[in-house]
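Following: one structure in structure tokens, then a few remarks.
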Amino acid sequence: MKGLYFQQSSTNEEMFVFQERENLPGTEDYFVKLQVKACALSQINTKLLAEMKMEKDFFPVGREVSGIVLDGILPLDSEDPGLCEVVRVHENYLVHKPEKVTWTEAAGTIRDGVRAYTALHYLSHLSSGKSVLIMDGASAFGTIAIQLAHHRGARVISTACSLEDKQYLERFRPPIARVIDISAGKVHIAESCLEETGGLGVDIVLDAGVRLYSNDDEPPVKLQLLPHKHDVITLLGVGGHWITAEENLQLDPPDSHCLFLKGATVAFLNDEVWNLSNAQQGKYLCILKEVMEKLSAGVFRPQLDEPIPLCEAKVSMEVVQKNQGRKKQVVLF
């Protein structure tokens, strides 16, 4: 039985390899064997693995899986790759898949659904009537975040990184309050948001990364598609919440003072936060159940690419690891 692995110490261009796996050991208490039907592909955070002392010569690939009876996300320290026919999973990482939900939808929505709930429910306490700015709303994660914000009765503003993304966002129902096209690099996000909110600012900002330095110190791609941290602080309203994916965010004293005057808060969106704390498993399961319920009810409509067979997973994972894919890629068994 083969599985896909990531070579962390690879000296050649082949980052991902298929390897034969030993037969799974007998099931222990609270563990189950899961026959995988679909597995979504997501980037492997090699920096986080190094910080957590979890570096291995071969790291298993694929953790968002759906199976015959159950579906769930494999823990960060799992020895089993989700891109394999059968895996062994602890029951704390599993929830029942609703009948209306397909294998592909279940696997493809888990990670982004958990991230969206973490950002908008736990970190910013989203409620009806709030204004929310979601950066890069046409991404797989942005799509789910917009749908959750709409479901909670929020007014959504989003940025588009291309004309195609802009057209995609303009087709949303209910409609997005404003789509800000930043593909040309000429639109000022802060001005657009303040204009949309009558000068009050946005209640919640969910970014996709920010620029920290001057134009001369940033790479051209980051300059064009990401706002500067000062823009985010400027457009944030009184008592607002800034949820950032920028793990190395640096706030100078003037930045902190501005946030202090607004009574605003900054929170960090760590994709793996629920896996790094065993004490939080109860909350994680509640979120995962909510995600599956919203998926079954049609609240979540994930942006999925066409499913691919296992034999194409290696090439597709290389694209995902380089952050070159827009839609969620799922391997269908």
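Outside any loop (DSSP other than H, G, I, E, B) and either under 17 Å from His241 (Cβ atoms) or in contact with a helix residue (DSSP H, G or I) (Cβ under 8 Å, 6 or more places away or on another chain) (or both): does that describe Ser127? No; evaluated as a whole, the condition is false for this residue. Regarding the stretch 190-204, can at least one residue be identified that is under 18 Å from the mean Cα position of the chain (by Cα) and either of a type in the set (A, V, I, L, M, F, W, C) or crowded, with 17+ Cβ neighbours inside 10 Å (or both)? Checking the stretch 190-204: at least one residue is under 18 Å from the mean Cα position of the chain (by Cα) and either of a type in the set (A, V, I, L, M, F, W, C) or crowded, with 17+ Cβ neighbours inside 10 Å (or both). Within the stretch 308-324, the set of residues being on the phi < 0 side of the Ramachandran plot and within 19 Å of the chain's Cα centre (by Cα) comprises Ser316, Met317, Glu318, Val319, Val320, Gln321, Lys322, Gln324. Counting only strands (runs of 3 or more DSSP E) that sit wholly inside the stretch 227-333, those with at least 1 residues that are touching a residue at least 12 places away in the same chain (Cβ under 8 Å), of a type in the set (Gly, Ala, Ser) and in contact with a helix residue (DSSP H, G or I) (Cβ under 8 Å, 6 or more places away or on another chain) are 236-244, 265-268.
Checked against the criteria, Ile144 counts as open to solvent by less than 50 Å² (accessible area, probe 1.4 Å), touching a Phe, Trp or Tyr at 6+ places or on another chain (Cβ under 8 Å) and aliphatic (A, V, I, L, M).
Applying the set (1) open to solvent by less than 60 Å² (accessible area, probe 1.4 Å); (2) modelled with pLDDT under 95 to Ser131 leaves exactly one unmet item: (2). Yes or no: Ser183 at pLDDT below 90 and in contact with a helix residue (DSSP H, G or I) (Cβ under 7 Å, 6 or more places away or on another chain)? When the stated conditions are applied, Ser183 passes them. Restricting attention to the stretch 171-199, the residues that are among the hydrophobic types (A, V, I, L, M, F, W, C) and touching a residue at least 60 places away in the same chain (Cβ under 8 Å) total 1. Only residues that are buried (at least 16 other Cβ atoms within 10 Å of the Cβ) and either hydroxyl-bearing (Ser, Thr, Tyr) or closer than 20 Å to Ala106 by Cβ (or both) were counted across the stretch 300-333, and they come to 18.
The values are calculated or read from the model by the stated rules, or taken from the named source; none is laboratory data. Every value quoted in this text rests on a predicted model; they were computed, and no experiment measured them. Methodologically, a virtual Cβ is constructed for each residue, glycine included, from the backbone with ideal geometry; neighbour enumeration extends over all protein chains shown. Areas reflect the complete protein model, heavy atoms only, side chains present, ligands, DNA and RNA absent. Shrake-Rupley method; radii C 1.70, N 1.55, O 1.52, S 1.80 Å.
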